[in-house]
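Chemist: Below you'll find the structure I mean.
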Amino acid sequence: MTGQEALLQHLASGVTHVCRCWLVTRRDGMRLGFTDHDQDLQFEGHAFRAASGLTAGALQQTTGLSVDNSEALGALSDAAITEADLATGLFDGAEVQSWLVDWADVDARVVEFRGNFGEVTRKGGTFRVELRGLTERLNQVQGQVYQAGCSAVLGDARCGIDLRDAAYRTTVIVAEVDARGRLRIDGATGFADRWFERGQIEVLSGTAAGLRVMVKADRLTGSGRLVELWHSAGLAAGDSLILQAGCDRKAETCQNKFSNFMNFRGFPHIPGEDWLASYPVSSLLNDGGSLKG
């Protein structure tokens with residue numbers, strides 16, 4: 001009898017003792033097991049801890065291509081998931097597998113859900129994470145798209161820019177992290193205002209070493225730079241990091257900032273939506289000539 005058959009037989013008995021177990025695999029390979037049972041469980045070589053305080057909401061599943069989804073709630077704990085771990089992105093996109101398990105006989109179990117962590121929110125010592133099913137990956141764009149902006153990623157083979165060039169990166173030390181989480185950096189004034197906007201940082205030292213975070217804003221000041229990140233990285237004064245140039249994917253940026261227009265992967269002359277929806281207006285010139293979108 002398979003584990004699924006054993007569980008179905010148990011559920012059909014009318015008197016049940018089941019719980020849920022989750023296995024979370026972070027991008028760095030670390031695996032963490034959780035259960036909403038009041039005792040630790042173990043199967044498939046993994047331990048599922050009961051003291052984690054992790055619980056799950058209702059699981060919505062469909063037979064079509066709609067995205068299966070659920071959410072998990074938990075308490076931030078040094079022994080399981082910490083606020084620092086979430087802030088530094090260690091759980092971003094983590095793989096999740098969930099079982100419905102007969103806790104009296106863990107061989108009687110069935111996989112309920114497979115997917116990844118989605119949006120994570122933290123408040124008052126707890127966290128809430130969205131769980132996205134495998135069909136979520138079908139929403140990701142595959143292949144090339146006709147669009148005005150460049151479809152290449154800065155520094156990849158299609159772009160051709162060497163981001164190791166000193167013109168596009170610099171190593172700096174964080175002088176201060178202000179109340180809004182912005183990084184004040186002394187020096188690095190040889191780069192233009194907003195040079196690193198839409199780029200990324202790579203943390204070299206400190207508790208967040210190895211983390212990469214996208215840059216939301218970069219402002220040149222009198223003594224250095226003020227850098228704002230898209231999400232908190234747990235940085236502190238004295239941490240060392242690499243600032244890497246950013247690109248807004250516009251044709252003029254490719255030409256003027258990177259002198260790389262020959263590798264521009266967009267279609268800047270495609271008419272915009274306003275042009276496509278336009279119609280003749282008697283007050284304007286309608287001579288059959290070229291229209292500018």
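Results for (1) more than 29 Å from G115 (Cα to Cα); (2) aliphatic (A, V, I, L, M), shown as yes or no for each residue.
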site: G149; (1), (2): yes, no
site: G160; (1), (2): yes, no
site: T171; (1), (2): yes, no
site: V203; (1), (2): no, yes
site: R212; (1), (2): no, no
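Chemist: Take the residues in the range 145-186 that are of a type in the set (S, T, N, Q) and out of contact with any Ser or Thr (no Cβ under 8 Å at 6 or more places or on another chain), then tell me which one is modelled with the highest pLDDT.
Modeler: Here the answer is T170.
Chemist: May I pose another question? Please tell me if F113 is at negative phi, of a type in the set (A, V, I, L, M, F, W, C), buried (at least 18 other Cβ atoms within 10 Å of the Cβ) and modelled with pLDDT under 80.
Modeler: For F113, the condition - at negative phi, of a type in the set (A, V, I, L, M, F, W, C), buried (at least 18 other Cβ atoms within 10 Å of the Cβ) and modelled with pLDDT under 80 - is not met.
Chemist: While we're looking at this one, here's another question. Identify, from the list D193, D218, the residue that is surrounded by 14 or more Cβ atoms within 10 Å (Cβ to Cβ), farther than 25 Å from R27 by Cα and acidic (D, E).
Modeler: Result: D218 is the single residue among D193, D218 that is surrounded by 14 or more Cβ atoms within 10 Å (Cβ to Cβ), farther than 25 Å from R27 by Cα and acidic (D, E).
Chemist: Follow-up question, since we're still on this one. Looking at the range 3-25, which of its residues are within 30 Å of D85 (Cβ to Cβ) and either touching a His at 6+ places or on another chain (Cβ under 9 Å) or not assigned by TED's automatic domain parsing to the domain that holds Q42 (or both)?
Modeler: V18, C19, R20, C21, L23, listed by residue number.
Chemist: Any residue in the range 151-170 that is surrounded by fewer than 13 Cβ atoms within 10 Å (Cβ to Cβ), of a type in the set (S, T, Y) and assigned by TED's automatic domain parsing to the domain that holds W195?
Modeler: No, every residue in the range 151-170 fails to be surrounded by fewer than 13 Cβ atoms within 10 Å (Cβ to Cβ), of a type in the set (S, T, Y) and assigned by TED's automatic domain parsing to the domain that holds W195.
Chemist: Of the residues F196, F267, which is in contact with an Asp or Glu (Cβ under 9 Å, 6 or more places away or on another chain) and part of a loop (DSSP other than H, G, I, E, B)?
Modeler: That would be F196, the only listed residue that is in contact with an Asp or Glu (Cβ under 9 Å, 6 or more places away or on another chain) and part of a loop (DSSP other than H, G, I, E, B).
Chemist: With the requirement that a residue be hydrophobic (A, V, I, L, M, F, W, C), over 12 Å from A87 (Cα atoms) and part of a loop (DSSP other than H, G, I, E, B), what does the range 219-235 give you?
Modeler: none
Chemist: Sticking with this one: Can you tell me which of (1) within 18 Å of the chain's Cα centre (by Cα); (2) outside the structural domain of G93 (by TED's automatic domain parsing); (3) surrounded by 14 or more Cβ atoms within 10 Å (Cβ to Cβ) is the one F127 doesn't meet?
Modeler: (2)
Chemist: Then there's this: Would you pick out the residues in the range 118-158 that are in a loop (DSSP other than H, G, I, E, B) and closer than 30 Å to A237 by Cβ?
Modeler: G124, G125, L154, G155
Chemist: Among the numbered conditions (1) of a type outside the set (K, R); (2) out of contact with any Phe, Trp or Tyr (no Cβ under 9 Å at 6 or more places or on another chain); (3) assigned to a loop (DSSP other than H, G, I, E, B), tell me where I161 comes up short.
Modeler: (2)
Chemist: Here is a follow-up. List every residue pair whose Cβ atoms lie under 9 Å apart, where the two residues are 6 or more positions apart in sequence or sit on different chains, the first residue falls within the range 108-132 and is farther than 27 Å from L11 by Cβ, and the second residue, located anywhere, is at pLDDT 80 or above and aliphatic (A, V, I, L, M).
Modeler: Qualifying pairs under 9 Å: N116/A94; N116/V96; F117/V24; F117/A94; F117/V96; V129/A94; V129/V96.
Chemist: Please identify the pairs in which a residue from the range 171-184 that is surrounded by fewer than 16 Cβ atoms within 10 Å (Cβ to Cβ) has its Cβ atom under 6 Å from the Cβ atom of a residue that is assigned to a loop (DSSP other than H, G, I, E, B) and among the polar types (S, T, N, Q), counting only partners at least 6 apart or on another chain.
Modeler: G181/S232
Chemist: Also, quick follow-up: Can you tell me which condition V101 does not meet? The list is (1) part of a strand (DSSP E or B); (2) within 21 Å of the chain's Cα centre (by Cα); (3) modelled with pLDDT of 75 or more, and all the others hold.
Modeler: (2)
The values are calculated or read from the model by the stated rules, or taken from the named source; none is laboratory data. Since this is a predicted model, take the numbers as computed values, not measurements. Because the Cβ atoms are built from the backbone with ideal geometry, glycine has one as well, and the counts that use them run over all protein chains shown.
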